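The values are calculated or read from the model by the stated rules, or taken from the named source; none is laboratory data. Owing to the predicted nature of the structure, the values given are computational and were not obtained by experimental measurement. We place every Cβ from the backbone using ideal geometry, glycine too, and count neighbours over all the protein chains shown. Note: areas computed on protein heavy atoms with side chains; ligands, DNA, RNA excluded. Shrake-Rupley method; radii C 1.70, N 1.55, O 1.52, S 1.80 Å.
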Amino acid sequence: MTAIETRRNPAGAHRFVTADGTALHVRASGPMDSALTLVLVHGWTQDHRTWDSVARRLDPSVRVLRYDLRGHGGSAPATHGTATIPRLADDLAELITARTNGPVVLAGHSMGGMTIMELADRHPALVTERVAGVAFVATSSGQMDRITLGLPGVAGRGAARFERKLAKMLARRRADALPLPPSMVRPGARFLVFGDHPRREDVHSVAEQLLCAHPASVGGFQDAISQHDRRVALAALRHVPAVVLAGEKDRLCPVGHARVIADELPQAEFMLYPGAGHMLPQERADEVAARISALTRACARL
């Protein structure tokens with residue numbers, strides 16, 4: 001069974017149904033005859049709105065696809081056994097094959113970056129033939145089971161254990177949404193994923209996106225993240241231009257994780273943003289958009 005599109009509207013939003021029958025919410029902008037397509041992949045508990053501030057700053061002549069990962073935003077929940085990064089990579093492969101022409105540049109934030117690494121591992125021929133460049137934004141190639149959320153010693157280990165326990169509880173939930181008001185979610189979001197002096201509207205947006213995510217899917221993906229190990233898979237991307245962007249105060253994907261990725265990609269440009277946390281697409285939208293735009297221009301000239 002091949003992937004099919006079942007609905008499109010004039011605003012550029014449509015539904016894309018994957019081979020296993022999961023409907024994904026997709027946003028498209030820019031001209032169909034663009035020299036290449038930029039695909040923006042968001043992270044865990046978020047959706048395509050992660051990229052709103054970046055997308056507004058991109059060259060309007062570039063075709064851009066944003067979509068909600070299964071279990072997130074306007075996409076259908078991840079069915080039993082599919083809240084995995086390999087399944088996300090397959091979804092991305094299907095979307096590239098069915099909805100893009102010519103070369104693509106892939107930009108992934110957090111779990112979105114992990115999805116691109118998994119794509120390189122599972123679909124090497126597609127990557128070789130179609131991927132012209134990659135941007136890894138606040139992400140990791142592995143050892144996510146060892147993070148301490150930026151807390152020292154016993155506190156860090158305890159926080160990590162609590163996060164994993166919470167994820168297992170969420171994975172068992174049957175409700176479509178978390179029964180929490182945004183006011184309860186925002187303080188945790190502020191602490192975990194932002195650096196110094198975040199904008200109030202960005203904290204609100206992150207909390208709102210989290211509350212739109214499907215709880216059981218979110219829980220399943222947290223377990224998948226803890227098992228993620230794709231440093232070796234980065235070898236398939238050594239032939240393309242790359243940028244690796246990291247926030248100095250990222251608690252979820254620490255700077256050392258970004259350096260590992262950059263070390264595996266000889267053509268990568270590594271950028272560290274002082275004072276920034278995990279949400280670089282919001283905290284440093286100007287800089288992230290500038291780096292991705294420079295990457296797309298370079299790839300279009302190849």
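Overview of values
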{"item": "Enumeration of residues in the stretch 136-149 that are buried (at least 16 other Cβ atoms within 10 Å of the Cβ) and in contact with a Ser or Thr (Cβ under 9 Å, 6 or more places away or on another chain)", "result": "V137, A138, T139, S140, M144, I147"}
{"item": "Near pairs, Cβ below 9 angstrom, 6+ apart or cross-chain, from the stretch 217-231 (acidic (D, E)) to any residue that is open to solvent by less than 10 Å² (accessible area, probe 1.4 Å) and assigned to a loop (DSSP other than H, G, I, E, B)", "result": "D229/S141"}
{"item": "Hits in the stretch 113-135 (condition: open to solvent by 30 Å² or more (accessible area, probe 1.4 Å) and over 15 Å from T97 (Cβ atoms))", "result": "D121"}
{"item": "Members of the stretch 29-60 that are surrounded by 18 or more Cβ atoms within 10 Å (Cβ to Cβ), among the charged types (D, E, K, R) and not in a helix (DSSP H, G or I)", "result": "D47"}
{"item": "Test for S61: is it in contact with a Gly (Cβ under 8 Å, 6 or more places away or on another chain) and among the small types (G, A, S)", "result": "yes"}
{"item": "Test for G277: is it open to solvent by less than 30 Å² (accessible area, probe 1.4 Å), outside any helix (DSSP H, G or I), farther than 18 Å from M117 by Cβ and not hydrophobic (A, V, I, L, M, F, W, C)", "result": "yes"}
